[in-house]
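Shown next, in C-alpha cells, is the structure this report addresses.
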Amino acid sequence: MSAVSLAAKFDDAQLRKRQELVLATLGAVLPPQALLHRREDTVPYECDGLTAYRQAPLVVALPQTEEQVAAILRICHHHGVPVVARGAGTGLSGGALPHRAGVTLSLARLNRIRNIDPLARTAVVECGVRNLAISEAAAAHGLYYAPDPSSQIACTIGGNIAENSGGVHCLKYGLTLHNVLCVKGFAGDGAPLEFGSAALDAPGLDLLPLIVGSEGMLAVVTQVTVRLTPKPQLARCIMASFDSVEAAGAAVASIIAAGIIPAGLELMDKPMTAAVEDFVHAGYDLNAAAILLCESDGTAEEVAEEIERMRAVLQDNGAAHLSISRDEAQRLRFWSGRKNAFPASGRISPDYMCMDSTIPRRRLAEMLRAIAAMEGKYGLRCANVFHAGDGNLHPLILFDANDPEQLHRCELFGADILETSVRLGGTVTGEHGVGVEKLNSMCVQFSAAELEQMLAVKRAFDPSEILNPGKAVPTLHRCAEYGKMHVHRGLMPYPDVPRF
Amino acid sequence: MPDAPLQRLVDQVRAAQADGSALCIRGSGSKDFYGGPLHGTRLDVTELRGIGSYEPTEMVITARAGTPLSELEDALSAYGQGLVFEPPRFGGGTVGGMVAAGLAGPARASVGAVRDFVLGMSIINGRGEILQFGGQVMKNVAGYDLSRLFAGSMGILGVICEVSLKVPPIPVDQASWELPCSLEEALRRSNQWVAAALPVNASAWEAGLLRVRLAGARAAVTSGGARLAREFGAQSMEGSEARQYWDDLREQRAPFFAAAMSSARTLWRISVPALTPDLDLPGASLVEWHGAQRWLLSDAPPALVRERSVRAGGHASAFHSPGARDQFQSPLSAPLERIHRSLKQSFDPSGIFNRGRLYPWL
C-alpha cells in the first residue's frame, strides 16, 4: 500500500501531525504568506466550480516561481504527501477538490507572460496566466489565442491544459491540444519535464497529447508555449429558428455536408430560449423548438461568400425565421442569450447542475427526446444548450439544493444522461473533464482492461501516485461497488438477458 | 466478439508474449526504410481491412488498420473530404502505418499533424487485450488521450486495429505562387503572410526559390494571390504543374528526394522553430512548413547535425540512413527516457512489439 493511500486513512490526530510536518518542511522553502493552513484562509480552496463537493486540504501552498514549485514537489514526494494542483478553481468536475491529507498547490501566482513573438505567432506564458489575458496581450499584434471556454475571463491556461478545454469556436479553431506547442513542468518527484517543442514535433513518443487533458495527474505544468491565431477581420452571425429539433439537427448535418466549417454553431432548445429571452431580451423566437446560431468569420469577402452559403442551407432545411446580423452590436446581441445560459437558468431555479457529454451530432433529436422522458422520470426540468458543431451537449438540470432528495434525483438524472450518451456512441465528458464528478460513469464507458491500462500509464509518469490521487480514472474496486456494466460502443452486453 | 482476422492477430500476440519473442508489425511495408531496423517475426495486419463506417455529415471515418490509404482517400473524395494533413503513401500505405509513422505532408504547418486528426482507435496491447480509447467524436476528454499517443509511436506500444479519423472538407480552391529569394527572406515572408491571414496552406524553399500554395475559399485564394503578385512580385504557377509539384513533394518523388534516397549520405529531417536562421550545415537542403521542417542531405557528422538542431530548440531525425539505422531519433533527457521505458513496460511488458524501431533501447 502506497504512502499516499495510507494517508487517505489518517485519523484527526495523524492529520494534525502531518500538517505540522508539511508546514515545517514547506516553510523552509516558501515565505510565510505563501502557506495557508488556518480554516478561514483555506475555505476558498475547499472546492472548485463543482461546489457540491468540498474538502479542506491540510495546507495551501502559493508558490511564485518554478523553483518553488519543484521544491514543493520534492518535499511532498519525499514524505508521501499528495499534491492537488489548482489554477483558478473554475473547473466543473471537481478536478481541484483537495485531498484531506494533502497540499493544494495553487499556481495562480505564476502569472507572467514571458514572451510574445508576433512573426512566429507564439506566446510563452506561465501556467497561471488567464486564458483571456493571453488574447488581450496579443491583440496589439492582430493575434489572439483561439480556444475560448466560457470561463475564459477567469480560468488559467494551466487549467485549460489539464482539461483540454474547448469553447464555442473549437470546431473551426481546435481544442487546447491543437493550439499548444510545448509545455514545461515537473514530475511528481520534482524532476523537470518538457513535452512538445517550439518546433512542430519532438523526439521520441508524442507525449503532449497525454499531458493535455490529464487533469493534473501526470505532471505539474508551469509554463506553456501557445500558438496564436490571426484575428479575423470580421464575423457575422445567422440566428435561425426551427419548428422541430429534428429539423434543426438536419440543418446542422447539411451545413457540414456542404463542406462548411462555421466559426460557431450553437443550438438552444425551447426551455433554454424562454429562460434566456426573459433575461436578455434579444428578440429570440419563443415559439421555436430550437434556435440555431451559425457564425462565419474571416475577411469581408470570405464572410460574404460563406454567410450566403449558410443562409441557403438553413433555408433549404426549413428554417421558420432567419436573421443575419447587420453589425457587430447585433451579432453580440444574438449571442447574448447563449452566453448567458447559466445565469438565465439561475433566475428560474434555485440551483442547476450543468452536465457535459458528447454525442454524434445526428443523435441529438433522439437524445433530447430521452432527456424529455427523464424529466418525467426524475420530476425535474432540464434546459439544453448544444455545441451543434461538434456534438458537445450541456443539459442544465434545474433543482433546489436545499432539498437533499432533489439533489439525489438530480445526480441520478445526470448519470442517466451520461450513460445514454455512451449508448448513443458518445462520451461521458466533452470538455469539463472527469474529476470526481464522473468517476462512476467512467466504469460504463471503459472496460476493466482499458481502465487498468490507464492506471498503468499513470504509474509510468507518477509511480508514487502523488499527483491528484483519486481523480479521473476509477479503480476497478470502485467500479465493482458502483455495479454498472461496461456499455461497449452502443451495444449492451448480453442483449438477450432481460433488464430489471 | 473479434472476427477471424482480428482473432488471428490476438493469438499471434499472445503466443509471442508467452515466449517473449519479437514481433514486427507490418502493413504494406511502405515505411520499411524508416526508423530503426526491422526485428522479429512478421505480424501482418493487411488482412485486417475495410471501412467500418463513414459519416460525411459528422466528418468521421472509421477504418481498419490494413485498409489501403488509396481506398480510404477514394471514399473520402466522393464527399469532398480528405486527409488534409497529406500523409505520404510511398507507393502503398495503410491506415495503421500512416498513424504509426506519423508523417504528414506539405500542409502540416497549416492544418495540423496526423495526431490532431485521430479521434480514437482500438489496439491490441502486449498482453493480447483489445482496448478502445477515444471514440468517434472530437470533444472527448474521458481519461488519458491514449489514442493520440499512438500517432508516431512506430508500433512499439501495440497493434493498431482500427482508427477513427476526423476528415474535414478539402479546400474548394487552390493556387500556387513562386518568388526568388534567400532562405532568410523566405522564412520572414511565409510567416508574415500567415500572420496577415492569407490562406497559406503550404510552402517550400529550395535553391533560392520560394513556392507557396494558397488554399481555401475562392475569394480568399484570389485576393491572396493578387496581393502576393502586387506587393511581392510573386509569379503564378500553372495549375497542373503546381499540383504535380506539391504531390511530388508529399510523396518525396521530387528530384531532391530522388537524389537523397539513392545516396549513401544521410537524409536528415530537421525540426526547428520556424524562424530559426540558417543552421549553416554542409549539404543540400529543402525547407518546408514555413521553416519548421528542413530536409538536409549531408555527410556531416551526426553529432554536429543534432547539436545545431538542439541548440536551435529542435531536433534532427535520420529520415533515411541505410548504413546506420540505429540512430534514428535524438536522445532524450533522463526523466523523459524513464517515462518512455515505463510507458513501454505498461503497454508491452514482454517487449515484443517493434523492438528497436524508435530507439535501440526501447
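What list of ³J(HN,Hα) values in whole Hz, one per residue of the stretch B:160-172 in order, does the Karplus curve 6.51 cos²θ - 1.76 cosθ + 1.60 (θ = phi - 60°) give from phi, with Gly and Pro shown as x?
6, 9, 8, 10, 9, 10, 7, 10, x, x, 6, x, 5
Can you classify chain B as rounded, prolate or oblate using the Cα gyration tensor, where a ≥ b ≥ c are the square roots of its eigenvalues, rounded means a/c under 1.5, and otherwise it's prolate if a/b beats b/c and oblate if not?
Oblate, since a/c reaches 1.5 and b/c is not below a/b.
Helix-only estimate, please: 222 nm mean residue ellipticity of chain B, summing -39500 (n - 2.57) across DSSP H runs of length 4 or more and dividing by its residues, to the nearest 500. Could you put the intermediate results ahead of the total?
Numbers: 11 runs with 111 residues, N = 362.
Value at 222 nm, helices only, nearest 500: -9000 deg cm²/dmol.
Provide the FRET efficiency to the nearest 0.05 for the B:GLU238-B:GLN192 pair, computing r from the beta carbons and using R0 = 30 Å.
0.75
Zone of A:ALA480 (label point 7 Å along Cα→Cβ, backbone N under 15 Å): which residues in the stretch A:430-465?
In the stretch A:430-465, the label zone of A:ALA480 (backbone N under 15 Å from the point 7 Å along Cα→Cβ) covers A:448-449, A:452.
Determine the dipole magnitude for the stretch A:285-387: charges of +1 sit on the beta-carbon of Lys and Arg, -1 on that of Asp and Glu, nothing else is charged, the reference point is the Cα centre, and the result goes in debye to the nearest 20.
I would put it at about 620 debye.
Report the Cα centroid-to-centroid distance between the stretch A:443-469 and the stretch A:160-203 in angstrom, as an integer.
That distance is 20 Å.
Residue by residue, what Karplus-based ³J(HN,Hα) values in Hz, rounded to whole numbers, does the stretch B:97-107 have, using 6.51, -1.76 and 1.60 with θ = phi - 60° and x for Gly and Pro?
Rounded to whole hertz, the list is x, 4, 5, 5, 7, x, 8, 10, x, x, 7.
Please give the calculated 222 nm ellipticity per residue for chain A, where each DSSP H segment of at least 4 residues contributes -39500 (n - 2.57) and the sum is spread over every residue; nearest 500 deg cm²/dmol?
-11000 deg cm²/dmol
Could you tell me the center-to-center distance, by alpha carbons, between the stretch A:84-145 and the stretch B:347-362 in angstrom?
When both Cα centres are located, 37 Å separates them.
Need the full-extension length gain, A:ILE261 to A:ASP400, defined as separation in residues times 0.36 nm minus the C-alpha distance. One decimal, nm.
Working: separation 139, 0.36 × 139 = 50.04 nm, distance 3.93 nm.
Using 0.36 nm per residue and subtracting the Cα-Cα distance, I get 46.1 nm.
Student exercise: in chain A, how many lysine pairs 8 or more apart or on different chains have Cα atoms under 15 Å apart?
Number of lysine pairs found: 5.
Is any residue of the stretch A:27-53 close enough, with backbone N under 16 Å, to a label point placed 7 angstrom from the Cα of A:ARG100 along the Cα-Cβ axis, and if so, which?
So the set is A:46-47, A:53.
Compare the Cα positions of A:LEU208, A:ALA257, A:GLY158 along the charge dipole of the stretch A:125-257 (+1 at Cβ of Lys, Arg; -1 at Cβ of Asp, Glu; about the Cα centre) and return the one farthest towards the positive end.
The residue sitting most towards the positive pole is A:ALA257.
Comparing B:GLY96, B:GLY239, B:GLY36, which has the greatest mean-square fluctuation in the GNM of chain B with Cα pairs linked when under 10 Å apart?
Its mean-square fluctuation being the largest, the pick is B:GLY239.
What angle, in degrees between 0 and 90 and rounded to the nearest 10, separates the Cα long axis of helix A:270-280 from the longest principal axis of the Cα atoms of chain A?
That works out to roughly 80 degrees.
Treating the beta-carbon of each Lys and Arg as +1 and of each Asp and Glu as -1, no other charges, what is the dipole magnitude of chain B about its Cα centre, to the nearest 20 debye?
660
Mind checking which of B:ASN140, B:ASN125, B:ASN191 has the largest fluctuation in a GNM of chain B, springs on alpha carbons under 10 Å?
Answer for the Gaussian network model of chain B: B:ASN140.
Evaluate peptide B:326-339: per residue, the Cβ atoms of other protein chains within 10 Å of its Cβ; return the mean as an integer.
Across the residues of B:326-339, the mean count of other-chain Cβ atoms within 10 Å is 4.
Take every residue in peptide A:448-454, count the Cβ atoms of other chains within 10 Å of its Cβ, and give the average of those counts.
The per-residue average across the peptide is 6.
So between A:ILE153 and A:ASP41, what do we pick up on full extension, going 0.36 nm a residue minus the alpha carbon distance?
37.9 nm
Pull the list of chain A cysteines that no other Cys approaches to under 4.7 Å, Cβ to Cβ.
A:CYS47, A:CYS76, A:CYS127, A:CYS155, A:CYS170, A:CYS182, A:CYS237, A:CYS294, A:CYS354, A:CYS382, A:CYS410
If you build a Gaussian network model of chain B, linking Cα atoms that sit under 10 Å apart, which residue out of B:VAL163, B:VAL137, B:VAL60 swings the most?
B:VAL137
Could you list A:PHE446, B:PHE85 in order of exposure, starting from the residue whose Cβ has the fewest other Cβ atoms within 10 Å?
Lowest to highest Cβ neighbour count: B:PHE85, A:PHE446.
Full-extension gain between B:SER263 and B:ASP326, please, as 0.36 nm times their residue separation minus the C-alpha to C-alpha distance.
20.9 nm
Cα gyration tensor of the protein assembly as shown, axes a ≥ b ≥ c as square roots of the eigenvalues: rounded (a/c below 1.5), prolate (a/b > b/c) or oblate?
Rounded, because the longest to shortest axis ratio a/c is under 1.5.
State to the nearest 20 debye the size of the charge dipole of chain A about its Cα centre, where the only charges are +1 on K and R beta carbons and -1 on D and E beta carbons.
Charge dipole of chain A: 680 debye, to the nearest 20.
Using only Cα atoms, tell me the angle between helix A:404-423 and the longest principal axis of chain A; keep it within 0 to 90° and round to the nearest 10.
Between the helix axis and the principal axis of chain A, the angle is about 70 degrees.
Cα-based Rg of the stretch B:263-304 per 2.2 N^0.38 Å, rounded to two decimals?
Compared with the compact-globule rule of thumb, the stretch B:263-304 sits at 1.10.
How many partner chain Cβ atoms sit within 10 Å of a residue's Cβ in peptide A:294-300, on average, as a whole number?
2
How big is the stretch B:313-362 by the Kirkwood estimate over distinct Cα pairs, in Å? Write down the numbers at each step before the final one.
Values: mean 1/r = 0.0827 Å⁻¹.
Roughly 12.1 Å, rounded to one decimal.
Using the Karplus curve 6.51 cos²θ - 1.76 cosθ + 1.60 with θ = phi - 60°, work out ³J(HN,Hα) for each residue of the stretch A:99-110 in order, rounded to whole Hz, and write x for Gly and Pro.
Whole-Hz 3J(HN,Hα) from phi for the stretch A:99-110: 9, 4, 10, x, 9, 8, 9, 7, 9, 5, 7, 8.
What are the residues whose amide H is under 5 Å from the amide H of A:GLY298, where those residues sit 5 or more places off or on another chain and H is modelled from the backbone?
A:GLN233, A:LEU234
Take the alpha carbon gyration tensor of the stretch A:135-185, find the square roots of its eigenvalues, order them as a ≥ b ≥ c, and report rounded if a/c is under 1.5; if not, report prolate when a/b exceeds b/c, else oblate.
Since a/c stays below 1.5, the shape of the stretch A:135-185 is classed as rounded.
Laboratory data are not the source of any read-out in this text; all were calculated from the coordinates shown. Quantities reported herein were computed from a predicted structural model and do not represent experimental measurements. Neighbour counts run over all protein chains shown; Cβ positions are idealised from the backbone, glycine included.
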